Amino acid sequence: MSQYFVKTDIQVRFNDFDVLGHLNNATYSTYIELARVHFFQEVLGMDLTQITGVVSNFNIDFKRPIKYGTP
């Protein structure tokens, strides 16, 4: 399968960040899930209501923090 890249605009909420202004670790997975749904719909043209499956494992290697105010 060829590589595809999808840009997904996400409305960032104040409560997505911890007291130090870093994006909460659990929020990363929520953002990635939104991008995954966008990829399935926009790139693959799939109707997600017709798909059965489950994500059984999810790992993130953090490279740097995302701080409040980052676009």
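The values are calculated or read from the model by the stated rules, or taken from the named source; none is laboratory data. Computed from a predicted structure; not experimentally measured. Glycine gets a Cβ as well: all are built from the backbone with ideal geometry, and neighbour counts include every protein chain shown. Surface areas here come from the heavy atoms of the whole protein model, side chains and all, with no ligands, DNA or RNA. Shrake-Rupley method; radii C 1.70, N 1.55, O 1.52, S 1.80 Å.
In the stretch 19-42, which residues are of a type in the set (A, V, I, L, M), under 15 Å from LYS7 (Cβ atoms) and open to solvent by 50 Å² or more (accessible area, probe 1.4 Å)?
We begin by selecting, within the stretch 19-42, every residue of a type in the set (A, V, I, L, M); these are 19-20, 23, 26, 32, 34-35, 37.
Those left that are additionally under 15 Å from LYS7 (Cβ atoms): 32, 34-35, 37.
Matches in the stretch 19-42: ILE32, LEU34.
Among (1) modelled with pLDDT of 90 or more; (2) at negative phi, there is one condition GLN41 misses while meeting the rest; what is its number?
(1)
Out of ASP9, ASP47, ASP16, I need the residue that is in contact with a helix residue (DSSP H, G or I) (Cβ under 7 Å, 6 or more places away or on another chain) and either charged (D, E, K, R) or surrounded by 13 or more Cβ atoms within 10 Å (Cβ to Cβ) (or both). Which one?
ASP16
Find the residue count for the stretch 26-70, including only residues that are under 14 Å from the mean Cα position of the chain (by Cα) and in a loop (DSSP other than H, G, I, E, B).
Step one: of the stretch 26-70, the residues under 14 Å from the mean Cα position of the chain (by Cα) are 26-40, 55, 58-62, 66.
Pick out the ones that are also in a loop (DSSP other than H, G, I, E, B) and you get 55, 58-62, 66.
Total satisfying the criteria: 7.
Scan the stretch 38-71 residue by residue and report those that are out of contact with any Ser or Thr (no Cβ under 6 Å at 6 or more places or on another chain) and within 15 Å of GLN11 (Cβ to Cβ).
ILE66, TYR68, GLY69, THR70, PRO71
Taking the condition among the hydrophobic types (A, V, I, L, M, F, W, C), in contact with a strand residue (DSSP E or B) (Cβ under 6 Å, 6 or more places away or on another chain) and open to solvent by less than 90 Å² (accessible area, probe 1.4 Å), does ILE66 pass? Even if it seems obvious, please write down each step before you answer.
Details: among the hydrophobic types (A, V, I, L, M, F, W, C): yes; in contact with a strand residue (DSSP E or B) (Cβ under 6 Å, 6 or more places away or on another chain): yes; open to solvent by less than 90 Å² (accessible area, probe 1.4 Å): yes.
Yes.
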